[in-house]
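Chemist: So that we are looking at the same thing, I have put the structure below in structure tokens.
The values are calculated or read from the model by the stated rules, or taken from the named source; none is laboratory data. Nothing here was measured: the structure is a model prediction, and the numbers come from that model. Please note: Cβ atoms are built from the backbone with ideal geometry, for glycine as well, and neighbour counts cover all protein chains shown.
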Amino acid sequence: MKRKCSYLTAPAAVALLLLSVFCVCQMYPFGTKTLSWCDMDQQVIPFLLDFKDILSGKANLFLNMQNSGGMNFWGVFLFFISSPFTFLVAFIDKAGIYQFVNILVLLKMMTCALTAEIFFRYRFKNLSLMQSTALSVMYAFCGYTMFYYQNHVWLDMMYLFPVLLIGLDRLIHKEKTGLYIFSFTAMLTVNFYLSYMVTIFLVISFGLYIFFFAPRERRGRIVLLFEISTLLVALLTAVVWIPALMQYVQSARTGNLFTSLRVGTLFTRFDTTLAVILCTSAVFSAVVMYLLFVKKQTETAAFSFYLFLLMMIPVFIEPVNKMWHTGNYQAFPVRYGYITVFFGLILLAVVIAGINEDTRFTHSRIIPLFGAMLAVGAVFVAECLILYKDYHTVTVYTRTLWGNSESLRLLLAFSFTAALAYLVLLLLYRYRQLSKRAFSVLLCMIVLLEAVFNSSVYIASAANSARSELPVIDLSGKIQDDALYRVKTEKKYFDVNLVGSMGYNTLSHYTSLTNESFMYTMKKLGYSSYWMEVNSNGGTKLTDAILGNKYSIVQPADLQEPNKVIYKNDKYEIAENEMTLPVGFVMDVRSVEALKNLPNTSRLNLQQAIFESVFHTKEKLFVNYEPTVKTNIQYQHDKNYSLAFRDNSETGMLIYRIPVKEKQTLYFDCFDRFSNNLIEHINSSFNVFVNGKLIQENYPNQPNNGLLNLGTFQNETVEVEVEVLKEVAAKSFGLAGLKDDVLKQAIGKTTAAQLKQSGNQIVGTAAANDDSSWLFLPITADNGFTAKVNHKSTEIHRVLDSMMAVKLQKGENRISISYVPTGFKTGLLLSAAGIFLCIFWYRFLKKRNYDKIKFLELPGLLVFTLLLFAVIFAIYLFPIGVYFS
């Protein structure tokens, strides 16, 4: 029992260290501050809130209407929050999630220390408790944790990795496959994306062992066991990776591999990549000790050293780094970093364990002991100086997501000091100047200092009150409406995923799984989006109506019309829009045929085309206006639009003087290409003024690149001044007015469906006047959807490029639209087969029947050899060749 309890020493040390940081920084549970920032704010916490709704039955894990206007949430769950710790949100109020993530990160770091402790005690029997605890705490506070804790499911991969290594060791040396199958299955389930990197690692590391360390007579047997076990893992997790992969392929994240590898630099940004490894400076001391003193080339020592070197290559070489990230990445450039760090720590364990074997004394010499204490003191002084004098500089990562040359200089200074201190301790211990106890105590002291430094730089600096999110969460549950509706925001007031987190259906969404077809449709319809983020701001009253945007979240200053306000707090209001339709209404067959593909025209002209098709009318809803005055601007347009400066000017002005009689809402637009670029070349082209008041500066921009609402006017002359800040070439540009009364009349003649969501289904009724009527459903079409009308299966047709319509029968129609993620059923069948085969495999090995498949060893070895060379070529050689080509 005492030995089992000793495994809790490392997790307890992690808890004590991190809670001390929380206490000093007044972070929860000792204050109200949260460590949440970046992706944790934008994605993780909103999806934890979504998952809380799913657990309570308010939302569905498959068809989630709270994201992207209705999307497959299964892949999002597997990408961001599929952790056993995630289920704890069921016991936390929504308003408390921002603080509770502090505890989630703490629990996962403790688990990282626990699994690392188990590994080091399993692999190195002669490490003392303090030594293994020090190594485990290093792992828990390594750069991977510090840099990436905001993507907190990545920490699940981190704590499972030592278990995977134990499983791989047992497969190789004891020919027992159970733990390997379990741990690899768990990693694929926790995060299918990062499992790509784990798979690469497994092929390379296993190949390295087989061809350089494994006895020749056992190679075929080990390889066959590895291949069969890995195949079983693939089958067991098919229900995870097949639908998730198919969803990823449909996203806007995929791009041209060759283009990605050709652009950029040969070397990575060391200020952000190398910094991840610098947080565990002892690994560099271990490399020096290994090269200088480890003469006995044990299997573990050499294997760990070579793997550490292989895993350091992508840290430095950018094309290789990109291939480790499926060909490209936006940020977080060392997502495999926990593997690199852990093998560095294994090498350190090799060095310490080797010295332990030779130690035959119990007392330290006074002068060497004093020198060792001075080395520890130097680390303390370096830490204090940097944190006191250069704290703002060294913490740049938590403000920008990237380091810089100054922060790297400071991190190198501290890391070099700490690495020298570790090296001094190791040298004194090796030459028998320090006792085992003294060495272990001083080692723990440096680990303590390094952990506090890293936590101060990457956790304490991110601490914030999260008070700005509380008024947003307060909006939850304030709309009492049984219809199927959506909620939009007038501007990007907060992270887009939070609208769905309130429990409201919305078009907004931001993840790597944002559907490309949906994103481009939303761009065409005039809504704002960039990178992988689609926001619900933008569009027009027409598109808001047909997409079901019945309610708007606004700040009081942006409430332009006397819409009915149904709730407000100190910061936001929820207003019911005047002209709305529910999600789903009846259209004529001619509308469906006309709307199958959106016409290739400007976004303002497209609005008129949609109006004519949806409502089957030739009436003009939009009035296009031309500039009344052009100052220093040469304005041309045929298929495209161009604005150039005259007389060598650097600015110009377009002035529209619009006599508005009937009620109109004016919109301004500038748009060029369909992409998921972070920044478009047309960004920051205009400042827009209405009647002398600045409406939007630097339009278009990241938070607002959809159609710009200039306001609603009646019986007045409106003067719109467009200050041109740079020359512009665009496919869509102009100013138009929407006739409010015309739209209101058209909406009033439309037959709305009576639909609601029930689990993974949209069910309800729709009345059709004839057999040529169709139900328009503004949800992104997917092969996982099936439809029934009056209990009979019917085909789903695409409209508006990516949305759905189903044919109705004359009279009352019972509608049922069901959704199961594409590939889920196939994956479920394969996973069931995997369970059956695992049971069979266990019994097969238990009965010692291996000789029956021994004939597969040679072809198995051949297949693995080809795979190994293919992986090495694809990851390490191919990207370099493409870059230099």
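Chemist: Could you look through the stretch 689-717, keep only residues that are of a type in the set (A, V, I, L, M, F, W, C) and closer than 25 Å to Met532 by Cβ, and pick out the one that is surrounded by the fewest Cβ atoms within 10 Å (Cβ to Cβ)?
Modeler: Result: Leu708.
Chemist: Failed condition for Lys630, given (1) out of contact with any helix residue (DSSP H, G or I) (no Cβ under 9 Å at 6 or more places or on another chain); (2) surrounded by fewer than 22 Cβ atoms within 10 Å (Cβ to Cβ); (3) closer than 18 Å to Gly748 by Cβ, with all others met?
Modeler: (3)
Chemist: Still on this structure: So which of Val424, Val447 ends up being crowded, with 17+ Cβ neighbours inside 10 Å, of a type in the set (Val, Ile, Thr), within 30 Å of Gln150 (Cβ to Cβ) and modelled with pLDDT of 95 or more?
Modeler: On the way: Val424 fails: within 30 Å of Gln150 (Cβ to Cβ).
It is Val447.
Chemist: Name the residue, out of Leu245, Leu202, that is part of a helix (DSSP H, G or I) and under 16 Å from the mean Cα position of the chain (by Cα). Reasoning before the result, please.
Modeler: On the way: Leu202 fails: under 16 Å from the mean Cα position of the chain (by Cα).
After ruling out the rest, the residue left standing is Leu245.
Chemist: Here's a follow-up. Tell me the residue from Leu374, Leu425, Leu369, Leu408 that is closer than 25 Å to Thr273 by Cβ and aliphatic (A, V, I, L, M), please.
Modeler: Result: Leu408 is the single residue among Leu374, Leu425, Leu369, Leu408 that is closer than 25 Å to Thr273 by Cβ and aliphatic (A, V, I, L, M).
Chemist: Name the residues in the stretch 490-501 that are surrounded by fewer than 24 Cβ atoms within 10 Å (Cβ to Cβ), touching a residue at least 60 places away in the same chain (Cβ under 8 Å) and in contact with a helix residue (DSSP H, G or I) (Cβ under 9 Å, 6 or more places away or on another chain), would you?
Modeler: Matches in the stretch 490-501: Glu490, Lys491, Tyr493, Asp495.
Chemist: Right, another one. Go through (1) of a type outside the set (Ser, Thr, Tyr); (2) at pLDDT 95 or above; (3) surrounded by 19 or more Cβ atoms within 10 Å (Cβ to Cβ); (4) under 22 Å from Phe141 (Cβ atoms) and name the single condition Leu19 misses.
Modeler: For Leu19, the exception is condition (3).
Chemist: Also, quick follow-up: What is the residue count in the stretch 340-367 for residues that are β-branched (Val, Ile, Thr) and either touching a Leu at 6+ places or on another chain (Cβ under 8 Å) or on the phi > 0 side of the Ramachandran plot (or both)?
Modeler: Summing the residues that are β-branched (Val, Ile, Thr) and either touching a Leu at 6+ places or on another chain (Cβ under 8 Å) or on the phi > 0 side of the Ramachandran plot (or both) in the stretch 340-367 gives 3.
Chemist: How many of the residues making up the stretch 84-106 are buried (at least 19 other Cβ atoms within 10 Å of the Cβ) and within 23 Å of Thr185 (Cβ to Cβ)?
Modeler: 2
Conditions tested, residue by residue: (1) over 30 Å from Tyr667 (Cβ atoms); (2) touching a residue at least 60 places away in the same chain (Cβ under 8 Å).
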{"position": "Ser772", "(1), (2)": "yes, yes"}
{"position": "Thr786", "(1), (2)": "yes, no"}
{"position": "Ser793", "(1), (2)": "yes, no"}
{"position": "Arg798", "(1), (2)": "no, yes"}
{"position": "Asn813", "(1), (2)": "yes, no"}
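Chemist: Among (1) over 30 Å from Leu830 (Cα atoms); (2) in a helix (DSSP H, G or I), where does Gln330 come up short?
Modeler: All conditions are met except number (2).
Chemist: Among the listed residues Pro599, Pro556, identify the single one that is exposed (fewer than 15 other Cβ atoms within 10 Å of the Cβ) and touching a helix residue (DSSP H, G or I) at 6+ places or on another chain (Cβ under 9 Å).
Modeler: Pro599
Chemist: Just give me the residues in the stretch 478-503 being more than 21 Å from Gln754 (Cα to Cα) and small (Gly, Ala, Ser), in sequence order.
Modeler: Selection gives Gly500, Ser501.
Chemist: Out of the stretch 740-753, which residues are in contact (Cβ under 8 Å) with a residue 60 or more places away in the chain and surrounded by fewer than 18 Cβ atoms within 10 Å (Cβ to Cβ)?
Modeler: Asp741, Lys744, Lys749, Thr750, Thr751
Chemist: Further question: If a residue has to be within 22 Å of Thr521 (Cα to Cα) and surrounded by fewer than 20 Cβ atoms within 10 Å (Cβ to Cβ) to count, how many in the stretch 609-623 make the cut?
Modeler: Going through the stretch 609-623 one residue at a time, the tally reaches 3.
Chemist: Return a yes/no flag: does the stretch 171-184 have any residue that is closer than 17 Å to Ile346 by Cβ, under 25 Å from the mean Cα position of the chain (by Cα) and of a type in the set (Ser, Thr, Tyr).
Modeler: yes
Chemist: Pairs, please: C-beta under 7 Å, at least 6 apart or cross-chain, first residue within 20 Å of Thr259 (Cα to Cα) and in the stretch 862-884, second of a type in the set (D, E, K, R) and part of a helix (DSSP H, G or I)?
Modeler: Hits for this filter: Pro879/Lys322; Val882/Arg262; Tyr883/Arg262.
Chemist: Also: Conditions first: (1) free of Cβ contacts under 8 Å to residues at least 12 places away in the same chain; (2) on the phi > 0 side of the Ramachandran plot. Lys693 passes all but one, so which condition is the exception?
Modeler: Unmet condition: (2).
Chemist: Can you tell me which of (1) more than 23 Å from Phe147 (Cβ to Cβ); (2) touching a residue at least 60 places away in the same chain (Cβ under 8 Å) is the one Tyr431 doesn't meet?
Modeler: Tyr431 satisfies every listed condition except (2).
Chemist: Which of the residues belonging to the stretch 747-770 are among the small types (Gly, Ala, Ser) and either outside any strand (DSSP E or B) or closer than 30 Å to Leu55 by Cα (or both)? First the steps, then the outcome.
Modeler: Keep residues of the stretch 747-770 that are among the small types (Gly, Ala, Ser), which gives 748, 752-753, 758-759, 764, 766-768.
If the condition is that a residue be among the small types (Gly, Ala, Ser) and either outside any strand (DSSP E or B) or closer than 30 Å to Leu55 by Cα (or both), then Gly748, Ala753, Ser758, Gly759, Gly764 are the ones that fit.
Yes or no, residue by residue, for (1) of a type in the set (Val, Ile, Thr); (2) assigned to a strand (DSSP E or B); (3) crowded, with 18+ Cβ neighbours inside 10 Å; (4) modelled with pLDDT of 95 or more:
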{"residue": "Asn677", "(1), (2), (3), (4)": "no, no, no, no"}
{"residue": "Asn687", "(1), (2), (3), (4)": "no, yes, yes, yes"}
{"residue": "Glu719", "(1), (2), (3), (4)": "no, yes, no, yes"}
{"residue": "Leu738", "(1), (2), (3), (4)": "no, yes, yes, yes"}
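Chemist: Ala252 fails exactly one of the following numbered conditions: (1) touching a residue at least 40 places away in the same chain (Cβ under 8 Å); (2) surrounded by fewer than 20 Cβ atoms within 10 Å (Cβ to Cβ); (3) within 27 Å of Ser82 (Cβ to Cβ). What is the number of that condition?
Modeler: That leaves (2) as the condition not met.
Chemist: Can you tell me how many residues in the stretch 357-415 are buried (at least 18 other Cβ atoms within 10 Å of the Cβ) and either of a type in the set (D, E, K, R) or over 38 Å from the mean Cα position of the chain (by Cα) (or both)?
Modeler: 7
Chemist: Which condition number does Val276 fail, the rest of (1) over 22 Å from the mean Cα position of the chain (by Cα); (2) closer than 25 Å to Val424 by Cβ being met?
Modeler: For Val276, the failing item is (1).
Chemist: Now for a different question. Quickly run through the stretch 164-184 and pick out the residues that are surrounded by fewer than 20 Cβ atoms within 10 Å (Cβ to Cβ) and under 27 Å from Pro11 (Cα atoms).
Modeler: Listed by number, the residues that qualify are Ile166, Asp169, Arg170, Gly178, Leu179, Phe182.
Chemist: Any residue that is of a type in the set (Gly, Ala, Ser) and touching a Leu at 6+ places or on another chain (Cβ under 7 Å) - is there at least one of those in the stretch 14-29?
Modeler: Scanning the stretch 14-29 turns up at least one residue that is of a type in the set (Gly, Ala, Ser) and touching a Leu at 6+ places or on another chain (Cβ under 7 Å).
Chemist: How many residues, within the stretch 834-864, are surrounded by fewer than 15 Cβ atoms within 10 Å (Cβ to Cβ) and closer than 30 Å to Asn321 by Cα?
Modeler: Counting residues in the stretch 834-864 that are surrounded by fewer than 15 Cβ atoms within 10 Å (Cβ to Cβ) and closer than 30 Å to Asn321 by Cα gives 2.
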